[in-house]
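Taking it in order: structure first as structure tokens, then the write-up.
The values are calculated or read from the model by the stated rules, or taken from the named source; none is laboratory data. No experiment lies behind these values; they were computed from the predicted model shown. Because the Cβ atoms are built from the backbone with ideal geometry, glycine has one as well, and the counts that use them run over all protein chains shown. The protein model used for the area step is the full one, side chains on, heavy atoms only, and it has no ligands, DNA or RNA in it. Shrake-Rupley method; radii C 1.70, N 1.55, O 1.52, S 1.80 Å.
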Amino acid sequence: MKMSQRAALYVGAISLLLAAVAVPILFDMGDKPFVPALAQVAESPVPAAASPGTDAAASAAPVTAEAVSAPAASPDSGIGTEFPAASPEAVPAAFAVPGFAVSPDTPVIHASSPSLSAPATAAAANVTGSVYNGGSGGQRTVSIAVLYYHSVQVMPGSTAVVSPDKFTEQMQYLADNGYHPLSMAEFSDIMEGRAAAPQKPVLLTFDDGYVDNHSTVMPLLAKLGFPATLFMSPGVMDDKRFINWEEAKDLRDSGWDIMPHGMTHPYLTKLTPEEQAWQITEARKQIEEKLGVTADVFCYPYGEYNNATLKILTDNGFRYAFTIEQGKTTPKQHPYKLKRVFVNGEEDLSALVRKLTKW
């Protein structure tokens, strides 16, 4: 065989080998779903199981008291990379938490850990054991499905994003089947025993403040006469993916409650108590000043919190705080550990119907 022929065979063999390696790599990269920044991408069921967006090896690890409630974010997800935690220099000295220190190994409280203590609050005393009048059948315990969404747009492969068509179908189902979406004031009155609950009460919540909550969701809910609650982070408004103050005012005027989600959607458990206090109270302050509302209900970014977080909420008179632990909300839950129901963008209507009727 001539030298030129042998060289051609070698080049061909090398090309085939490179192609065999490159093809699966390209497919692997192409199959990775894009997840919008800030979105909490998993239901984080309890006990821990494989969560959407995590691999089998990671989800098989046992959950301990130190484990966080939200799944680990992949490097290409945008989660936790574009919104760095506040530096100590950015936190005013006035936000020191007197008499409370947290060591670096202070455990993150997983929402399913009843053994971890939390401060007793007046709100907890008020809501524990609350019941409402169920009509001629007597009294029954409150049970409210608090649904939580993120972005409503077309983004196949992301569990945190619900398509407009699916969202419209879900809201029409609620309207056609006797569900009663609540304002935060109605939710509070029912939870604290001041008012009777309607049949099939639900609370619609939206995390992060994506701009499509204004452009897509608001008109539909207004048409149906549904209120909703938005948990927003004022410090990310320069990012065009999120609403600005004018859009927040539109939502307020359309019957939405606007509540804090931290200034920059940080991992609270990675911050000092002083940094946490600034993130929580500054977000509330800006919302109340800009919108003229009371913003005393918090939602934990990424579902994470620790004892420092609970003390800050108590000291600053927050009424409730929502987790990402799955289940319906009842007055027996600690007011700072309220459960919610994740709406998975990859599931169909029947999955949501099952969630509405379980627990």
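Structural remarks
- Antiparallel content of DSSP bridges confined to the range 227-342, in %, to 5: 0 percent
- Part-to-part distance (alpha-carbon centres) for the range 322-350 and the range 184-205, which is given in Å: 15 Å
- The range 201-290: relative contact order as a whole-number percent, Cα under 8 Å and 6+ apart: 30 percent
- Normalised per residue, the accessible area of the range 224-359 is 33 Å², obtained with a 1.4 Å probe and no contribution from ligands, DNA or RNA.
- Calculated diffusion of the range 190-290, Stokes-Einstein form, Kirkwood radius summed over Cα pairs, 10 °C and 1.306 mPa s, µm²/s: 108 µm²/s
- Sorted from greatest to least, the principal axis extents spanned by the alpha carbons of the range 285-359 come out as 41, 28, 22 Å.
- Derived scalar couplings between HN and Hα for the range 306-314 equal 9, 4, 4, 4, 4, 5, 4, 4, 5 Hz in order, rounded to whole Hz, by the Karplus curve 6.51 cos²θ - 1.76 cosθ + 1.60 (θ = phi - 60°), x for Gly and Pro.
- 3J(HN,Hα) couplings calculated from phi for the range 188-200 with the Karplus curve 6.51 cos²θ - 1.76 cosθ + 1.60 (θ = phi - 60°) are, in sequence order, 5, 4, 6, 4, 9, x, 8, 8, 7, 8, x, 5, 6 Hz; Gly and Pro show x.
- Taking only alpha carbon atoms, the range 165-246 gives an Rg to Rh ratio of 1.02, where Rh is the Kirkwood radius.
- Formal net charge of residues neighbouring G327 (Cβ-Cβ distance under 9 Å; K, R +1; D, E -1): +3
- Taking only the Cα atoms of the range 155-196, the ratio Rg/Rh comes out at 1.18, with Rh defined as the Kirkwood radius.
- Apolar share of the accessible surface for the range 244-317: 42 percent from carbon plus sulfur atoms, 1.4 Å probe.
- Rolling a 1.4 Å probe over the heavy atoms of the protein chains gives the range 168-211 an accessible area of 35 Å² per residue.
- Considering all different alpha carbon pairs of the range 314-357, the Kirkwood hydrodynamic radius works out to 12.0 Å.
- When the P(r) is computed for the range 229-359, the part past 20 Å accounts for 49% of the Cα-Cα pairs.
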